[in-house]
1. Given the conditions (1) closer than 23 Å to ARG182 by Cβ; (2) among the β-branched types (Val, Ile, Thr); (3) without any contact (Cβ under 8 Å) to a residue 60 or more places away in the chain, which single one is not true for THR204?
2. So if I check each of ILE84, ILE50, which one is buried (at least 21 other Cβ atoms within 10 Å of the Cβ), of a type in the set (Val, Ile, Thr) and not assigned by TED's automatic domain parsing to the domain that holds ASP333?
3. Residue by residue through segment 203-226, note down the ones that are within 16 Å of the ligand (Cβ to nearest atom) and either outside any helix (DSSP H, G or I) or assigned by TED's automatic domain parsing to the domain that holds LYS47 (or both).
4. How do the pairs read when you match residues in segment 307-322 that are of a type in the set (Asp, Glu) with residues anywhere that are surrounded by fewer than 18 Cβ atoms within 10 Å (Cβ to Cβ), using Cβ under 8 Å and keeping only pairs 6 or more apart or on different chains?
5. What number of residues within segment 21-40 are more than 14 Å from the ligand (Cβ to nearest atom) and among the basic types (Lys, Arg)?
6. Answer yes or no as to whether ASP333 is exposed (fewer than 14 other Cβ atoms within 10 Å of the Cβ), within 21 Å of the chain's Cα centre (by Cα) and more than 16 Å from the ligand (Cβ to nearest atom).
7. Among the residues of segment 61-114, which ones are assigned to a helix (DSSP H, G or I) and within 11 Å of the ligand (Cβ to nearest atom)?
8. With SER230, SER253 as the choices, which residue is surrounded by 19 or more Cβ atoms within 10 Å (Cβ to Cβ), within 16 Å of the ligand (Cβ to nearest atom) and not acidic (Asp, Glu)?
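The values are calculated or read from the model by the stated rules, or taken from the named source; none is laboratory data. Worth saying up front: this structure is predicted, and the values here are computed from it rather than measured. Reconstructed Cβ throughout: ideal geometry from the backbone, glycine too, with neighbour counts over all protein chains shown.
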Amino acid sequence: MAQLWGGRFTKETDQLVYNFNASIGFDQKFYRQDIRGSIAHVKMLAKQEILTEQERDQIIGGLEGILSDVEAGKLRITSEYEDIHSFVEANLIDRIGDAGKKLHTGRSRNDQVALDMKLFIRDEITELDGLVKELLEVIERIMEENLHTYMPGFTHLQKAQPVTLAHHMGAYFEMFRRDRGRLHDIFERMNYCPLGSGALAGTTYPLDREYTAELLGFYGPTANSMDSVSDRDYVIELLSAMSTVMMHLSRFSEEIITWNTNEYRFVEIDDAYSTGSSIMPQKKNPDIAELVRGKTGRVYGALMSVLTTMKGLPLAYNKDMQEDKELTFDALDTVKGCLALFTGMIDTMKFRKDVMEASAKNGFTNATDAADYLVGKGVPFRDAHGIVGRLVLACIDKNCSLDDLPLEEFRSYSPVFGEDIYDAISMKTCVEKRMTAGAPGAEAMEQVIAANREYLQGG
Ligand code: ARG
């Protein structure tokens, strides 16, 4: 046990208490951020003449030594220290002696851990954003290749109207694009530096908080020292944005699982992304999609946990807040893993265009268009709806589609039907005539695809 705060105590901490309290097992992930923050702090202390330039250089040299030794595996972070902050400080003192004892001047672990978490999350946001962008690139490619791949669009999981694969994929493009927007917003809101807030009430040393904020790439210092050490909104916002990413991945997975069934056969998942059964030799299971769907609950759980942890906390810092880390780390690992795997899975997945198109053809997905045809010939929409409904019933009876009915049959339901009905309800017409902005018609889709491309090129 190596603690920073033994002075006031007359007894050793009970070992179980020590273990329960310690965070080194997980906050060692912060060693880079912790050292980076300390270097900025020390530069500022010297600039403000709180430390001498010599002390500054000695401390920075020591900290850089710790960093390179940890990176090289020469120095191991062990549970002998309570947390990563204690580990770095104790090692520094071992290395450079008395000057090391000045590192923590005008600082508390409360503003230090808030800084470390923010530095860490900033990098993670950038990484997540990159992964979502890679997924968008794959979706965009599938869209570009499938402008004319017809498939049924569903409502209530019932065939509704024909769409294209490009259009269906385009819906997911929008979802993941919004996810990137959320990540960007979080970054913008959180990018203020808590360092210099002390334990909760600032400090009497003449710190230059603007300077440390600038050194660490923040837009500026945070405005209220009590808020700075007790704010975990950015953690909650990130978990919420990640939960939304997972919700989107989970819906997409659910569709892929359905499309991969023998009943649908819309897609074929690449062997590299499928698994077999230990007993049933014929099986090729969509385990990756199922796991992504399953792991969504775990990320929601992290969000609920941190929200619940924070709800009863009085200002300012409370140890409860230490709980944010393991949950956030686990959620980040989960989401990043799911994004990477999911992207690989859909990048290698084959779409059975013929099956999709045949399915669109035999589910009466052109019934609305048949009714619209009648409207075009002057029949009121409600009557047209009834006429086509009766035609559908006749087709079900004959086990055929609307396109298969002879003209006399159409005319026996309404005399306004003419030879042009076949063209009006063809798959091509049904899709291509839908040219309103955002609709599946190729003209409308081409514009969307071009705008997406431009967006992706923008970074
Ligand atoms: N391990 C602590 C955390 O994660 C660091 C801050 C400790 N501050 C304190 N006053 N005990 O929140």
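1. Going through (1) closer than 23 Å to ARG182 by Cβ; (2) among the β-branched types (Val, Ile, Thr); (3) without any contact (Cβ under 8 Å) to a residue 60 or more places away in the chain one by one, THR204 breaks only (1).
2. Numbers: ILE50 fails: buried (at least 21 other Cβ atoms within 10 Å of the Cβ).
After ruling out the rest, the residue left standing is ILE84.
3. Scanning segment 203-226 gives a single hit, THR203.
4. Short answer, once both residue conditions are applied: ASP320/LEU313.
5. 2
6. yes
7. First, pick out the residues of segment 61-114 that are assigned to a helix (DSSP H, G or I): 61-71, 84-102, 109-114.
Scanning segment 61-114 gives ILE84, HIS85, SER86, ARG109, ASN110, ASP111, GLN112, VAL113, ALA114.
8. Sole residue among the options that is surrounded by 19 or more Cβ atoms within 10 Å (Cβ to Cβ), within 16 Å of the ligand (Cβ to nearest atom) and not acidic (Asp, Glu): SER230.
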